[in-house]
Amino acid sequence: MKQFLNKILLFLTGTSFIYMTNLLFDYVLYPFVIIEAGLSKGFVIMIFLSFISCVLMFLVYDYLKKDFLAIEYSKQKLDSLTDDYDGSRLKRALIWILKRSRIFLFVFLSVYDPFIATVFMREGSHQYNGLKARDWKILILSLFIGNGIWAVTIFTGLSLFQYMFKLVGVL
């Protein structure tokens, strides 16, 4: 029971840290940079800052060798589902969907957090062995997907607010 509670506390600590980091990064720093630098320069700045953030997270993640986000556990469970063929049509259909949905999962995770997307797409579970050439490519693609969508979203939202304030006469 104690080991289970430790895993739960580790997960709660890890997810709280990622949540707070993403909250500050996405809703404080990102709008500030987009307002100050504009969409294109802000996008480049934020990709660079996201890259630095992800590399630091990888260093900590691999150093601690702890699955504090339950990513390794999730990968292990997904792999065991897709590797276990028992012949039933339902299970084969689910496996077919899961194997083809990884690209959608990758895009979704990239928008949420490129670090999480890269860790999830990294081969193997519980290895904590750094990034290989394939992983670096995944990280770069994830950074462009996530930051591209987020930069456009923030820019559009800020532009809409500015337009609304001009209509009302506040600005």
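The values are calculated or read from the model by the stated rules, or taken from the named source; none is laboratory data. Only a predicted model underlies this, so the values are computations on that prediction, with no experimental measurement involved. For neighbour counting, all protein chains shown are included, and Cβ atoms are generated from backbone atoms with ideal geometry for every residue, glycine included.
Please tell me if PHE120 is in a helix (DSSP H, G or I), surrounded by fewer than 16 Cβ atoms within 10 Å (Cβ to Cβ) and under 17 Å from the mean Cα position of the chain (by Cα).
Taking the combined requirement at face value, the residue does not satisfy it.
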Of the residues LEU69, LEU109, which is surrounded by 11 or more Cβ atoms within 10 Å (Cβ to Cβ), in contact (Cβ under 8 Å) with a residue 12 or more places away in the chain and not in a helix (DSSP H, G or I)? LEU69
Which residues, taken from region 44-62, are in contact (Cβ under 8 Å) with a residue 12 or more places away in the chain and closer than 24 Å to PHE120 by Cα? MET46, ILE47, LEU49, SER50, PHE51, SER53, CYS54, MET57, PHE58, TYR61, ASP62
Return only the number of the condition from (1) without any contact (Cβ under 8 Å) to a residue 40 or more places away in the chain; (2) in contact with a helix residue (DSSP H, G or I) (Cβ under 8 Å, 6 or more places away or on another chain) that LEU39 does not satisfy. (1)
Options LEU56, LEU90: the member that is of a type outside the set (Phe, Trp, Tyr), in a helix (DSSP H, G or I), modelled with pLDDT of 90 or more and exposed (fewer than 14 other Cβ atoms within 10 Å of the Cβ): LEU56
TRP96 vs (1) at pLDDT 85 or above; (2) part of a helix (DSSP H, G or I); (3) hydrophobic (A, V, I, L, M, F, W, C): all pass except (1)
